[in-house]
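I have placed the structure first, in the form of structure tokens, so that the comments after it can refer back to it.
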Amino acid sequence: MDTPPSSGVELNALDLIAQASTVVQLVLLVLFLMMLACWFIIGAKMVRLNQARKLSRAFLELFWAEDETRPWDNDSMKDIHAQLPTYTGSPLATVFRAGYSELARISRKSTPDSGDVHNLERALRRAQNAEMTRLENLIPVLATTGSTAPFIGLFGTVWGIMSAFVSIGHSHAATLDVVAPGIAEALIATAIGLAAAIPAVMAYNYFVRRIKVVRHEVDAFSSDYLNIIQRHLLAE
């Protein structure tokens with residue numbers, strides 16, 4: 001059986017990118033930068049959330065251990081507050097610090113009133129919102145990359161195919177040598193777009209779920225902390 005003649009076309013990815021049009025190269029550069037940014041955010045958020053989980057668990061053990069050893073009073077709160085530097089990075093420790101600062105202000109008054117309780121609730125809520133905002137920082141970049149990267153890659157693909165057809169028109173031939181490089185460089189843009197979008201979407205969904213868990217933990221701790229203060233420290 002005769003072997004079909006070779007077309008002589010070698011589709012090397014790096015060569016195709018180097019020979020691509022300026023528009024396609026700009027598209028690939030944008031997608032590559034988006035991919036790098038996403039992987040940086042993924043790594044940073046993974047480290048931050050793991051740190052928050054580890055430190056928050058340790059802080060909860062300290063907090064409830066204090067409850068088991070003696071009744072809640074100002075001294076027990078001071079003991080926990082003195083150890084807060086060990087738990088820097090824990091959202092629960094930050095909420096405790098905010099409540100402790102407000103409690104210290106209230107304690108200087110002779111007779112706390114209902115307005116002080118509302119101020120304490122607001123202080124805890126502000127600390128909660130600030131911690132959640134910090135944890136959610138840069139997460140929208142993942143969502144933006146996941147939703148836009150495929151379309152940016154598609155734009156590069158469309159532009160590359162247009163350039164391929166222009167080359168066909170100029171050469172007055174539709175051989176594989178003429179068509180293949182342009183089509184291949186066009187498809188690289190789509191591939192890079194998908195390579196940037198898929199990890200971004202997966203990481204976004206993962207981090208949203210983990211941050212939601214942290215939010216529930218902070219809400220629960222804030223409620224327990226407020227109840228302890230109202231029952232044991234503001235009851236008199």
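Observations
- Length gained on full extension, Trp72 to Arg48: 5.5 nm, using 0.36 nm per residue less the C-alpha separation.
- Gln25 versus Ala82: modelled label distance in nm, points set 7 Å from Cα along the beta carbon direction: 6.6
- A prolate overall shape is assigned to region 23-233, the ratio a/c of its alpha-carbon gyration tensor axes (a ≥ b ≥ c) being 1.5 or greater and a/b exceeding b/c.
- Förster radius 41 Å - calculated FRET efficiency between Ala143 and Glu61, Cβ distance, rounded to 0.05: 0.75
Readers should treat all values here as calculations from the given coordinates under stated rules, not as data from a laboratory. Remember, it's a predicted structure, so these values are computed and weren't measured experimentally. For neighbour counting, all protein chains shown are included, and Cβ atoms are generated from backbone atoms with ideal geometry for every residue, glycine included.
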